[in-house]
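Worksheet for the structure shown next.
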Amino acid sequence: MKIMGKKTVNIKITAKLQFFFIRAEGLSVPPFIAGLFVSFFLMFSCATNQAFYTSTDAAVFDLNFDKAIDIIIKGQREKNAVYPEKNAVSLYLDKGLLEHYAGNYETSSNDLQFAERLIEEAYTKSITEEFFSYIVNDNIKNYPGEDFEDIYLNIFNALNYYHRGSMEGALVEIRKLSSSGGKLVMLAKKYEYTDPKSGENFYDIVQRETGLSTLPETFSVNFSNSALARFLGALFYQASGNHDAARLEFNQVQRAFSTNRNIYRNPLPAAVEESRNVPPGKARLNVLCFTGLSPIKHENVLPHFLPFHHPVLQVGFFKIPVLKNRNSIITRIEVIVNENRFKLELLEDISAVIEETFKARYSNILAKTYIRTFLKYAASDIAAIETSRKNGRDAGFLAAFAARIIMDSSESADTRMSRYLPGRSHIGGINLDPGTYDVYINYYHINELVSGEEYKNVIVKETGLNLLQSVNLK
């Protein structure tokens with residue numbers, strides 16, 4: 001898939017959004033602007049095709065990851081690629097995750113690293129794209145990825161490096177998240193915009209500049225530490241012999257639970273403390289399991305009253321992306337090592353992390369959708385008024401009605417995202433004499449066995465890291 005470079009137009013757009021706002025009162029815009037709106041709607045309106053995912057999702061649910069990968073590859077060879085060029089981030093995230101689950105760790109690394117580069121490039125996004133997204137919809141932009149996607153791609157790439165035998169590579173990926181200038185630290189600051197002159201925040205500015213009296217509630221992100229990233233970092237440092245760094249990372253796991261209660265509602269797993277205090281002469285077998293699938297976006301339509309002249313334009317429909325949960329049927333995981341049995345504990349509810357991080361951006365999305373829809377209806381109302389003046393009341397009504405149809409068809413929520421992040425991560429482990437063991441991992445729905453995995457001749461060493469990973473996305 002060829003990814004084209006983006007051209008940047010040198011246009012200064014301030015946070016006050018002074019460039020192109022129309023107030024509800026005293027509307028006065030030349031009629032040709034309404035025509036421009038309609039032209040833009042027809043040229044740029046697009047929607048994500050969700051039908052393709054049915055077969056891929058079915059393969060993933062059956063844990064046939066190679067088949068799911070093959071479906072994606074074949075879909076990209078079609079004349080109209082399933083993942084358009086503007087949605088390359090989702091393509092490489094989806095394929096990279098599925099390659100990881102299939103055990104193709106080098107290919108997974110390549111895909112996830114490319115997705116990360118595309119996300120980084122999105123920070124220098126085209127001003128032209130951003131401007132037109134205020135006029136048409138967000139689907140005309142290159143998809144920049146969500147914050148949670150940018151976080152978890154490093155976690156899974158760290159696991160890729162571990163499985164490839166590169167502990168240093170694994171630690172590089174973890175440091176991208178946990179260092180003082182890492183992604184987790186920057187996340188909480190990302191949406192805190194304040195105008196340096198007036199001291200107003202983004203939403204105060206939007207409300208004042210547009211005259212809109214009802215804007216969405218703003219949210220802050222209550223997620224600045226990942227227990228999963230910290231736990232893996234602790235294990236990697238421990239295996240590398242850097243015990244001071246491992247101790248700090250283990251402490252950070254506890255801190256994540258105490259400071260991010262919106263995410264970590266479950267007790268701190270006993271396996272965390274057990275992993276940091278392995279008795280002398282014993283070898284620790286750590287087990288990490290991922291279950292279920294994370295939420296995906298779907299389009300939600302919100303009606304809202306608008307103060308315009310023509311009745312057909314007085315109720316606007318705002319189309320916004322919202323998260324839809326995909327609940328797992330897995331309720332319990334049991335591990336058997338020889339005669340020993342133990343249950344895995346929930347470490348990180350990835351679905352809850354996604355909901356928390358998306359919550360902050362949702363306010364931005366809703367405000368932007370409100371403004372864009374308001375502008376479209378305002379331009380249409382002006383055009384209809386002008387048509388009534390020149391051609392009569394009936395002609396004006398027909399113009400308003402036609403504009404309404406075009407506007408509603410042009411507006412669509414941006415539902416692009418990765419579909420194959422897991423819903424939850426679970427950990428557990430056991431201290432053993434160094435040696436070779438057969439390991440069985442059983443997944444249950446209440447007391448009914450859903451599926452099981454068998455690992456023969458697992459070597460458990462006294463030094464280094466013994467990490468067994470399993471995936472069941474049912």
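So here's what we get for this one:
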quantity: Test item: Cα-centred dipole of the range 339-379, Lys/Arg +1 and Asp/Glu -1 on Cβ, debye; calculated: 500
quantity: Test item: Cα-centred dipole of the range 261-394, Lys/Arg +1 and Asp/Glu -1 on Cβ, debye; calculated: 320
quantity: Compactness of the range 329-371 as Cα Rg over 2.2 N^0.38 Å, two decimals; calculated: 2.09
quantity: Backbone HN-Hα couplings from phi across the range 375-380 [Karplus 6.51/-1.76/1.60, Hz, Gly and Pro as x]; calculated: 5, 4, 5, 5, 5, 5
quantity: Of 269, 256, 313, farthest towards positive along the dipole that unit charges on Lys, Arg, Asp, Glu beta carbons give the range 244-315; calculated: 269
quantity: Per-peptide average of other Cβ atoms within 10 Å, ordering 392-398, 260-266 highest first; calculated: 260-266, 392-398
quantity: Protection proxy ranking, peptides 115-121, 311-317, average beta carbon neighbours within 10 Å, highest first; calculated: 115-121, 311-317
quantity: For peptides 281-287, 411-417, sequence by mean Cβ density within 10 Å, most packed first; calculated: 411-417, 281-287
quantity: For residue 255, solvent-accessible area (1.4 Å; no DNA, RNA or ligand), Å²; calculated: 120
quantity: Length gained when the stretch residue 120-residue 67 is fully extended (0.36 nm per residue, less Cα-Cα span); calculated: 16.1 nm
quantity: Among the listed pairs 67/474; 297/376; 183/359, those beyond 21 Å (Cα-Cα); calculated: 297/376
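The values are calculated or read from the model by the stated rules, or taken from the named source; none is laboratory data. Here the structure is a predicted model, which is why all the values come from computation and not from measurement. Note: ideal-geometry Cβ built from the backbone for every residue, glycine included; neighbour counts use all protein chains shown. Heads up: the accessible areas ignore ligands, DNA and RNA and are worked out on the full protein's heavy atoms, side chains in. Shrake-Rupley method; radii C 1.70, N 1.55, O 1.52, S 1.80 Å.
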